[in-house]
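Participant: Dropping the structure in here first, questions after.
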There are 2 protein chains.
Amino acid sequence: MDFNVTGFDLTALPQLRQMWAAQAESLRHELEHQDAYPKYIVKTVADAAAYQGVRVENVGSAGELKNMTFPSHSSVILDFGEHHVGYFEFTMRTATGYCDSPVSLRLMMAELPYELEYTSDKFTGKLSQGWIQEEYIKIDVLPGTIRLPRRYACRYLRIDIIATPNQLIFDQICFDTVAARNSLPQAPAGVSVLDQELYTAACRTLRDCMQTCFEDGPKRDRRLWLGDLYLQAKSNAVTYRDYLLVERSICLLAANTNDAGMIAVCAFEHPGMRTNCFYPDYMMLMPALLLDHLDEYDRREFAAGFYPLAIQQLRVFRGMIAGENCTLTRYPQYRYFIDHCPQLEVETAEICVYIFALRKAAELARKLGFDGDIAALTAEADRWEQNIRKYAFDHDSGLLVSGAARQVSQASQIWGILSGVLSIDEGKAALTKVKTLPGAVRSRNPYLLTYLLEVYDICGMSEDLDELLHSYWGGMLKLGADTFWEMFDPDDLYQELYGDAYLLSACHAWSCAPSLYIR
Amino acid sequence: MDFNVTGFDLTALPQLRQMWAAQAESLRHELEHQDAYPKYIVKTVADAAAYQGVRVENVGSAGELKNMTFPSHSSVILDFGEHHVGYFEFTMRTATGYCDSPVSLRLMMAELPYELEYTSDKFTGKLSQGWIQEEYIKIDVLPGTIRLPRRYACRYLRIDIIATPNQLIFDQICFDTVAARNSLPQAPAGVSVLDQELYTAACRTLRDCMQTCFEDGPKRDRRLWLGDLYLQAKSNAVTYRDYLLVERSICLLAANTNDAGMIAVCAFEHPGMRTNCFYPDYMMLMPALLLDHLDEYDRREFAAGFYPLAIQQLRVFRGMIAGENCTLTRYPQYRYFIDHCPQLEVETAEICVYIFALRKAAELARKLGFDGDIAALTAEADRWEQNIRKYAFDHDSGLLVSGAARQVSQASQIWGILSGVLSIDEGKAALTKVKTLPGAVRSRNPYLLTYLLEVYDICGMSEDLDELLHSYWGGMLKLGADTFWEMFDPDDLYQELYGDAYLLSACHAWSCAPSLYIR
């Protein structure tokens, strides 16, 4: 079966991919640069109460650095005061001016204090150890200024002097920071100090992820993801308003559309590197992303150009539904994501994302003048809403359930509300119940928790919204965050990610939501 | 007292240094490039009979490399077939084409097999650990070609794959080799296979030390030294004949002349780095160096321009002589070198270098038309020849002795012969006697042993010359050398240098002499 809606010509894909890649390139804009300098000299201190068991302690002003001399086997840790993304330039000399042999340095660029203690033998991660921002460099001739070619995301810089012909002096260490927009927006007037801090950290997080595309994390994995982009674009609309970056990012993803017409949910900027990531619930965000963009930027021709591709995502997902009872066909190459949570039963949430997407698509069709599609999209949404209520709504508890085991989760309630399957009143009751219900699967992930903020907002549950904002995002702040993390479990200060806590990205796009809810 | 010879205006030094630096710059010529590729894939094998206890064993042709795939934690060692100096370019990709994280490599560029086993914790050296050609690099995007910015001197390249997103493939590893002259001269016709090999290794050693100046060792310490330059210029005259490089090198040293008018015996090419090395016996090589250069290249104005500076070296040394009895004043800032040998008594050799230099200066004065200087230079030489024969010649043994302990050394006899203090017959007898005399200080250093080759030649001792050439330089060949080493003691396969065997320069200028004696 198929929709009776605007079609998508799969045979045109090779040309479309080229066109979108070219469009992405034409939308590239220069990054803004701003020089940052170290603020403090710090040392690490073991502290069981600190995040990951390590905090830093100021031992001096970084203004002192240029008066300090470093022999072989000495070290220094610099704190730049806040997280940045950019390039390092070291202006160095030896105390005597004599330099008869190479200077050898180990550098560790760290987002979090814990990383400052990294040594390569500690690595236990399943992802590439290459993500660790550790460098060994040699400088043949001093005095001079050395610029490192790679980009780093960090707040701290540890320098270990492995060898120097005589005492080494750092006349200046400049962090040439880059972002699509480099000025942090002011927090709204009249909010609490905590809310100001949340707002600023959220803006800083977004800023450092806004490079030549919307990245998920500038330390790791420096890629554009559709799920993150959807949230970034929303935050961008109330902060930096860099709409061309949104368009460039959409084009980059579209240029990686697969032969089934599924938009890639992740893309590299380098044209030679094609993605193999296709998540149904991410790709179905396309209608909502285009609708938001149209509402904010009002560039009809852009949204209209991608409308057929957005509809195609719904068509593809439709083919993944195994039966009227809201079960899904599993594919080894596609991942039903919803949340980083292995035990989560995703079927109900996925179908609700589908309904959400259909309703957004109908609204988009209406605004763009694809009037002939509206009825079919709405009918399809209504049909699956009925199915979900029939097969996945537990009338006794008032909760949506998922899978054969009829699992109760936050995820199902959240997408139930966002899709309109649950009414505001039902949603409010369900969200309240699931907060404490024994056995309910609750999220510890900023991505899904951002949608929880949204449904609290939709349901008028402002106290719950504030409580979540302050306990979860505020919890990171209390632990010293100045950008929001990829993962955070308030009950686990030693959380691992991909087998290693060092792999955590401490500035991660999908955590940038607070700026949307501090008004 | 002073010579009654051409003077040197110390007040003009600031201008002279600038002029010589500019002259050095104007004499700089482009390096020749030649692409080298790995020849073999090898592995290291522990072998007590091998130099430093390690040899390599071929395990395959390097042509296979492009068909090999390397996972994280794998390694490969490549043998480029001979020693080169240059820049590495790696053309790499991942087997699947997918590259979602940085590739992290450790590289070890090795002149000798022993270095391939280096790990940083083994380092015990007193010089900078930065000399070790170990690099850690990260590559963010593949496929691609990466060129490393630093220059290396090596025959072997070890690659340790620390991390790669999937199997790594090296499509090509190119060693962009550089030298002032890149083509190895043919060995003279009709010589033995061993002599051919000695000649080729000598030429390769010189080639790899001939960069934008005559370096002492392209791995360590990449500097111009006057003692090495004197021997390099002699070998260059019978091989590459790059006379402009000789002139540039002389200008670089002259530009570092100190306020006493002493030419620096070592110079860096970078104008910001001034040397503090002043060795009396090296600086006194200037007249002979200019004379050789004039004889070979016949550029009178160049030699004439440096004649006053050359004479100044003799004038300064004259002031270092403490008395007619051939004793020397010691200065903390100047080093009487002669040989790398702590127990060597250098006074007799130093005075003989002075006499040698005076006689060379007289010859130079004659050829350049400074006729008024000839008599004074010759009279000064004669005077110190008489003093040496009076105070340092042992009539019973027919040997020159040195110091209060009247130490017998090869060094004293060698410089006795080179200076003409000993006649050919006396020299022949002295060299024969000192070879086996118990307690005599004999050299294990290519620098002094090169002068031993010369005096064997002067004295017509061709069998001794061949024996030394074949046992000492041939001894390195037998241990796998393809360039001659900075240090070699045939009785010590584990020789340390500056506290660590890894610091040895295995391609060292002052060892390049065999090409002079294979005819």
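The values are calculated or read from the model by the stated rules, or taken from the named source; none is laboratory data. Only a predicted model underlies this, so the values are computations on that prediction, with no experimental measurement involved. When we count neighbours, we look across all protein chains shown, and the Cβ atoms used for this are built from the backbone with ideal geometry, even at glycine. Quick note on the areas: whole protein, heavy atoms, side chains included, nothing else; ligands and nucleic acids left out. Shrake-Rupley method; radii C 1.70, N 1.55, O 1.52, S 1.80 Å.
Participant: Enumerate the pairs (first residue in region A:384-404 and modelled with pLDDT of 95 or more; second residue anywhere and among the hydroxyl-bearing types (Ser, Thr, Tyr) and not in a loop (DSSP other than H, G, I, E, B)) with beta-carbon separation below 6 Å, excluding pairs fewer than 6 apart on the same chain, so at least 6 apart or on different chains.
Facilitator: A:Ala392/A:Thr348; A:Leu400/A:Thr348; A:Leu400/A:Ser412; A:Ser402/A:Thr348; A:Ser402/A:Ser412
Participant: A further question follows. Kindly list, by first and then second residue, each pair from a residue in region A:408-425 that is at pLDDT below 95 to a residue that is open to solvent by 10 Å² or more (accessible area, probe 1.4 Å), limited to pairs with Cβ atoms under 8 Å and residues at least 6 apart or on different chains.
Facilitator: As it stands, the answer is none, since no pair meets every condition given.
Participant: Still on this model: Looking at A:Gly305, A:Gly323, A:Gly319, can you tell me which residue is modelled with pLDDT under 95 and open to solvent by 10 Å² or more (accessible area, probe 1.4 Å)?
Facilitator: A:Gly323
Participant: Scan region A:166-179 and tell me whether some residue there is assigned to a helix (DSSP H, G or I) and either of a type in the set (S, T, N, Q) or buried (at least 24 other Cβ atoms within 10 Å of the Cβ) (or both).
Facilitator: The answer is no, given that none of the residues of region A:166-179 is assigned to a helix (DSSP H, G or I) and either of a type in the set (S, T, N, Q) or buried (at least 24 other Cβ atoms within 10 Å of the Cβ) (or both).
Participant: Considering only region A:283-300, I want to know if a residue exists there that is within 14 Å of chain B (Cβ to nearest Cβ) and not charged (D, E, K, R).
Facilitator: Checked against the condition, which is being within 14 Å of chain B (Cβ to nearest Cβ) and not charged (D, E, K, R), region A:283-300 yields no hits at all.
Participant: List every residue pair whose Cβ atoms lie under 8 Å apart, where the two residues are 6 or more positions apart in sequence or sit on different chains, the first residue falls within region B:259-278 and is within 12 Å of another protein chain (Cβ to nearest Cβ) and more than 22 Å from B:Ser26 (Cβ to Cβ), and the second residue, located anywhere, is open to solvent by 60 Å² or more (accessible area, probe 1.4 Å) and among the charged types (D, E, K, R).
Facilitator: From region B:259-278, the pairs are B:Cys277/B:Arg335.
Participant: A:Leu184 fails exactly one of the following numbered conditions: (1) open to solvent by 40 Å² or more (accessible area, probe 1.4 Å); (2) touching a residue at least 24 places away in the same chain (Cβ under 8 Å). What is the number of that condition?
Facilitator: Looking at each condition in turn, A:Leu184 falls short on (2).
Participant: Here are some residues: A:Leu344, A:Leu314. Which one is under 30 Å from A:Leu244 (Cβ atoms) and either in a helix (DSSP H, G or I) or in contact (Cβ under 8 Å) with a residue 40 or more places away in the chain (or both)? Write out each step before concluding.
Facilitator: On the way: A:Leu344 fails: under 30 Å from A:Leu244 (Cβ atoms).
On inspection, the qualifying residue turns out to be A:Leu314.
Participant: Oh, and also: From A:Gln211, A:Gln196, A:Gln172, A:Gln167, which residue is closer than 30 Å to B:Arg274 by Cβ and in contact with a Pro (Cβ under 9 Å, 6 or more places away or on another chain)?
Facilitator: Working: A:Gln211 fails: closer than 30 Å to B:Arg274 by Cβ; A:Gln196 fails: closer than 30 Å to B:Arg274 by Cβ; A:Gln172 fails: in contact with a Pro (Cβ under 9 Å, 6 or more places away or on another chain).
The conditions single out A:Gln167.
Participant: What are the pairs with Cβ atoms under 6 angstrom where one residue, in region B:95-120, is within 30 Å of A:Met273 (Cα to Cα) and the other, located anywhere, is in a loop (DSSP other than H, G, I, E, B) and among the β-branched types (Val, Ile, Thr)? Sequence gap at least six, or different chains.
Facilitator: B:Ala95/B:Thr69; B:Val103/B:Thr164
Participant: Sort out which residues of region B:125-172 are aromatic (Phe, Trp, Tyr), more than 7 Å from every other protein chain (Cβ to nearest Cβ) and under 32 Å from the mean Cα position of the chain (by Cα), and write them in order of number.
Facilitator: B:Tyr152, B:Tyr156
Participant: Can I ask one more? For residues that are of a type in the set (D, E, K, R) and closer than 12 Å to A:Ile414 by Cβ, scanning just region A:436-456, find the one that is most open to solvent (accessible area, probe 1.4 Å). Before the answer, list the steps.
Facilitator: Filtering region A:436-456 for residues of a type in the set (D, E, K, R) gives A:442, A:444, A:454.
Subset that is closer than 12 Å to A:Ile414 by Cβ: A:442, A:454.
Details: A:Arg442: 94, A:Glu454: 38 Å².
The extreme case among them is A:Arg442.
Participant: Going through region A:238-258 one residue at a time, which ones are within 19 Å of the chain's Cα centre (by Cα) and either open to solvent by 10 Å² or more (accessible area, probe 1.4 Å) or within 14 Å of chain B (Cβ to nearest Cβ) (or both)?
Facilitator: A:Val238, A:Thr239, A:Tyr240, A:Arg241, A:Tyr243, A:Leu244, A:Leu252
Participant: How many residues are buried (at least 20 other Cβ atoms within 10 Å of the Cβ), among the small types (Gly, Ala, Ser) and within 14 Å of another protein chain (Cβ to nearest Cβ) when one looks only at region A:55-113?
Facilitator: 2
Participant: If you go through region A:421-428 one residue at a time, do you hit one that is in a loop (DSSP other than H, G, I, E, B) and crowded, with 24+ Cβ neighbours inside 10 Å?
Facilitator: The answer is yes; a qualifying residue exists.
Participant: When you check B:Asp121 against the structure, is it surrounded by fewer than 19 Cβ atoms within 10 Å (Cβ to Cβ), closer than 21 Å to B:Arg55 by Cβ and out of contact with any helix residue (DSSP H, G or I) (no Cβ under 9 Å at 6 or more places or on another chain), yes or no?
Facilitator: Details: surrounded by fewer than 19 Cβ atoms within 10 Å (Cβ to Cβ): yes; closer than 21 Å to B:Arg55 by Cβ: no; out of contact with any helix residue (DSSP H, G or I) (no Cβ under 9 Å at 6 or more places or on another chain): yes.
It is false that B:Asp121 is surrounded by fewer than 19 Cβ atoms within 10 Å (Cβ to Cβ), closer than 21 Å to B:Arg55 by Cβ and out of contact with any helix residue (DSSP H, G or I) (no Cβ under 9 Å at 6 or more places or on another chain).
Participant: I've got another one for you. So, of the residues in region A:389-420 that are in a helix (DSSP H, G or I) and more than 30 Å from the chain's Cα centre (by Cα), which turns out to be nearest to A:Glu454 (Cα to Cα)?
Facilitator: Step one: list which residues in region A:389-420 are in a helix (DSSP H, G or I), which gives A:389-391, A:410-418.
Then keep just the ones that are more than 30 Å from the chain's Cα centre (by Cα); that gives A:389-391.
Values: A:Arg389: 22, A:Lys390: 25, A:Tyr391: 25 Å.
Among those residues, the one meeting the criterion is A:Arg389.
Participant: Right, next: Of the conditions (1) of a type outside the set (S, T, N, Q); (2) open to solvent by 20 Å² or more (accessible area, probe 1.4 Å); (3) within 26 Å of B:Ile41 (Cα to Cα), B:Lys234 clears all except one; give me its number.
Facilitator: Just one mismatch for B:Lys234, condition (3).
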